[in-house]
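**Q** Dropping the structure in here first, questions after.
The values are calculated or read from the model by the stated rules, or taken from the named source; none is laboratory data. Since we're looking at a predicted model, the values are computed, not measured. Neighbour counts run over all protein chains shown; Cβ positions are idealised from the backbone, glycine included.
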């Protein structure tokens, strides 16, 4: 993911609904000043998992692993190349 993709998705999501808080990991696209400013400008509190702590959000991590391996990689040719 690049910064513009993440910001575009966030703007689209915020146009539908504004959550009280958004939780993410500490990836570069989520610690980017533009991402943080967009959340702050929309009154959304920021929560981040501990650095390198994938187990902080184990259920979500497992869901996306299952989604990738059981749906995306099987249905989308060469999807693994895009990671």
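**Q** Quick one: what pairs do we get from region 21-40, first residue surrounded by fewer than 12 Cβ atoms within 10 Å (Cβ to Cβ), second modelled with pLDDT of 85 or more and assigned to a loop (DSSP other than H, G, I, E, B), C-beta under 9 Å, 6+ apart or different chains?
**A** 21/44
**Q** A follow-up question, please. Just for helices (runs of 4 or more DSSP H) wholly inside region 1-49: which have at least 2 residues that are over 11 Å from the mean Cα position of the chain (by Cα) and over 20 Å from residue 60 (Cβ atoms)?
**A** Because the criterion is at least 2 residues that are over 11 Å from the mean Cα position of the chain (by Cα) and over 20 Å from residue 60 (Cβ atoms), the helices (runs of 4 or more DSSP H) in region 1-49 that meet it are 3-16, 33-41.
**Q** Let me ask another. Take residue 74 and decide whether it is at pLDDT below 90, touching a helix residue (DSSP H, G or I) at 6+ places or on another chain (Cβ under 6 Å) and part of a helix (DSSP H, G or I).
**A** When the stated conditions are applied, residue 74 does not pass them.
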